[in-house]
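The values are calculated or read from the model by the stated rules, or taken from the named source; none is laboratory data. Everything numeric in this text was worked out from a predicted model, so none of it was measured. Using ideal geometry, Cβ is built from the backbone for each residue, glycine included, and neighbour counts are taken over all protein chains shown.
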Amino acid sequence: MNFDSKVLKIVNDAEEKLKDFFAELENVAFLNQKKVLEAFQNNSVALRHFSATTGYGYDDIGRDTLCKIFADIFHTEAAIVSPLIASGTHALTLALFGVLRPNDKMLAISGAPYDTLMSVIQGENIGSLKDFGVTYEQIALKNNDFDFDAINKSIETEKPKLIFIGRSRGYEWRDALSVEKIGKAIKYIKDIDKNITIMVDNCYGEFMDIIEPSDVNADIMVGSLIKNPGGGIAPTGGYIAGKENVISQIAYRLTSPSIGMEIGSYTGGYQQFYQGIFLAPHTTMNATKGSALFGQVFSDLGYQVCPNPTAKCNDTVRSIKFNTKDELISFIQMIQKASPIDSNVLPLPWDMPGYDNQVIMAAGTFVAGSSIELSADSPIKEPYIAYVQGGLTYEHVKIAVIMCVSELLKNKNL
Ligand SMILES: *Cc1c(COP(=O)(O)O)cnc(C)c1O
């Protein structure tokens, strides 16, 4: 790696502009680290909590304590944290099926939920919510905020059992929703009817702020452990945190209505989950600093980025709009080339199940598919937007930025 001095100057100048912003991120990480440390100490975490278990896993103190720690950190009555949850989509699916019953209505109020949830909700003959007689309505955001009139009308027409809010952006050109905005929507809904269960897809959102959706009265909050709260260390798993009565319903879906959280062993042991949540505030800060650097550098080079470089971020994702398909593909390929794992692999646009367009992805990660590690993906369609996120260390992201810019300038013959 030989870095061109012209490129280094571009990146170092951008970094200089981010100084104050980085100081704010450090303060968020500091306060969140304190929250996490207190949860460890209040639950007297000891080496015995890391032990592997087998079979039914009755009285698995490592599992039970991990759940308590997440509940403490997120200020919820209860939490399910489990390596038996295979992904974020699985965690979200468990939560939906745990709460909704035939003839109930589900209402999504931040536009379409994440892509992989659409067939969970509306698929035909695959055991979707629709197959079980759950009806579904969706309200788009209006000017990047909730459409309160439409929400009110939908509730008055037919009361939903569950309202769904997605904090992150998905493949949309908008910033993620702030916890403050989510809190206003929750208050609005609870004032109409406090019995409606409100669920937030918190993927990519954990530790971006000093409060979480659970602090503003969300009944259920769901996320993936191969994103922020796994700290880059957890090898798999998901979490669901929230009110005791809903969490127990969801636990009955995780295992069985007769068993709930009484069983569930993990032969790999729990150390990586504990260490992961302990590191999560710092890892998330590194990824966010890296995301801001991508934003600042590409904005300085004249590209449109979202959110703006020094705007408060509500998830770790940065969207960058490229001029051509070739620029976009070369950007994603450079992210792969800058990775510690599989750096020699060349990603290409490919047809993927569940997507209308071809997709190109870069993920040279320690934990397969982890997106708290530096990764990027993009559907191949106009406008050509790359979604880049993650980074275990800020320094690594900075190197990746330098490599991307070098390639870009080389191709432009600048
Ligand atoms: C990652 C993600 C999910 C879940 O995705 P998995 O790949 O199944 O872990 C859901 N919602 C959002 C917003 C996400 O970013």
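Here are some notes:
- Counting only strands (runs of 3 or more DSSP E) that sit completely within the stretch 26-138, those holding 2 or more residues that are under 19 Å from A218 (Cβ atoms), of a type outside the set (G, A, S) and within 16 Å of the ligand (Cβ to nearest atom) correspond to 78-82.
- Residues of the stretch 328-360 satisfying the condition of being surrounded by fewer than 19 Cβ atoms within 10 Å (Cβ to Cβ) and either touching a Lys or Arg at 6+ places or on another chain (Cβ under 6 Å) or hydrophobic (A, V, I, L, M, F, W, C) (or both): I341, S343, V345, L346, L348, W350, M352, N357
- The strands (runs of 3 or more DSSP E) falling completely within the stretch 193-269 that include 1 or more residues that are of a type in the set (S, T, N, Q) and more than 21 Å from Y58 (Cβ to Cβ) map to 197-201, 220-224.
- Near pairs, Cβ below 7 angstrom, 6+ apart or cross-chain, from the stretch 104-131 (free of Cβ contacts under 8 Å to residues at least 40 places away in the same chain and among the aromatic types (F, W, Y)) to any residue that is assigned to a loop (DSSP other than H, G, I, E, B) and within 11 Å of the ligand (Cβ to nearest atom): none
- Reported count of residues in the stretch 314-361, each being in a loop (DSSP other than H, G, I, E, B), farther than 23 Å from S406 by Cα, within 16 Å of the ligand (Cβ to nearest atom) and touching a strand residue (DSSP E or B) at 6+ places or on another chain (Cβ under 7 Å), is 3.
Okay, residues lined up against (1) crowded, with 18+ Cβ neighbours inside 10 Å; (2) closer than 30 Å to Y303 by Cα; (3) hydroxyl-bearing (S, T, Y):
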residue: A14; (1), (2), (3): yes, yes, no
residue: S51; (1), (2), (3): no, no, yes
residue: A91; (1), (2), (3): yes, no, no
residue: N103; (1), (2), (3): no, no, no
residue: A112; (1), (2), (3): no, yes, no
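- Test: residue in the stretch 221-229 that is touching a residue at least 24 places away in the same chain (Cβ under 8 Å) and over 14 Å from the mean Cα position of the chain (by Cα): no
- Restricting A311, A280, A287, A292 to those that are surrounded by fewer than 24 Cβ atoms within 10 Å (Cβ to Cβ) and either within 16 Å of the ligand (Cβ to nearest atom) or not β-branched (V, I, T) (or both) reduces the list to A311.
- Close pairs from the stretch 56-74: first buried (at least 23 other Cβ atoms within 10 Å of the Cβ), partner assigned to a helix (DSSP H, G or I) and basic (K, R), Cβ under 7 Å, at least 6 apart: I73/K35
- In summary, S370 fulfils each of the numbered conditions (1) in contact with a helix residue (DSSP H, G or I) (Cβ under 8 Å, 6 or more places away or on another chain); (2) in a loop (DSSP other than H, G, I, E, B); (3) under 22 Å from S119 (Cα atoms); (4) of a type in the set (G, A, S) with the single exception of condition (3).
- Output for the stretch 376-392, where each listed residue is away from the ligand (no atom under 11 Å from the Cβ) and either of a type in the set (F, W, Y) or surrounded by fewer than 23 Cβ atoms within 10 Å (Cβ to Cβ) (or both): P379, I380, K381, E382, P383, Y384, I385
- Of all residues in the stretch 150-178 being of a type outside the set (A, V, I, L, M) and not in a loop (DSSP other than H, G, I, E, B), the one that is nearest to the ligand (Cβ to nearest atom): G166
Results for (1) of a type in the set (A, V, I, L, M); (2) out of contact with any strand residue (DSSP E or B) (no Cβ under 8 Å at 6 or more places or on another chain); (3) under 18 Å from T65 (Cα atoms); (4) modelled with pLDDT of 95 or more, shown as yes or no for each residue.
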{"position": "I226", "(1), (2), (3), (4)": "yes, yes, no, yes"}
{"position": "G230", "(1), (2), (3), (4)": "no, no, yes, yes"}
{"position": "T236", "(1), (2), (3), (4)": "no, yes, yes, yes"}
{"position": "Y239", "(1), (2), (3), (4)": "no, no, yes, yes"}
{"position": "E244", "(1), (2), (3), (4)": "no, no, yes, yes"}
{"position": "I247", "(1), (2), (3), (4)": "yes, no, yes, yes"}
{"position": "S256", "(1), (2), (3), (4)": "no, yes, no, yes"}
{"position": "I263", "(1), (2), (3), (4)": "yes, yes, yes, yes"}
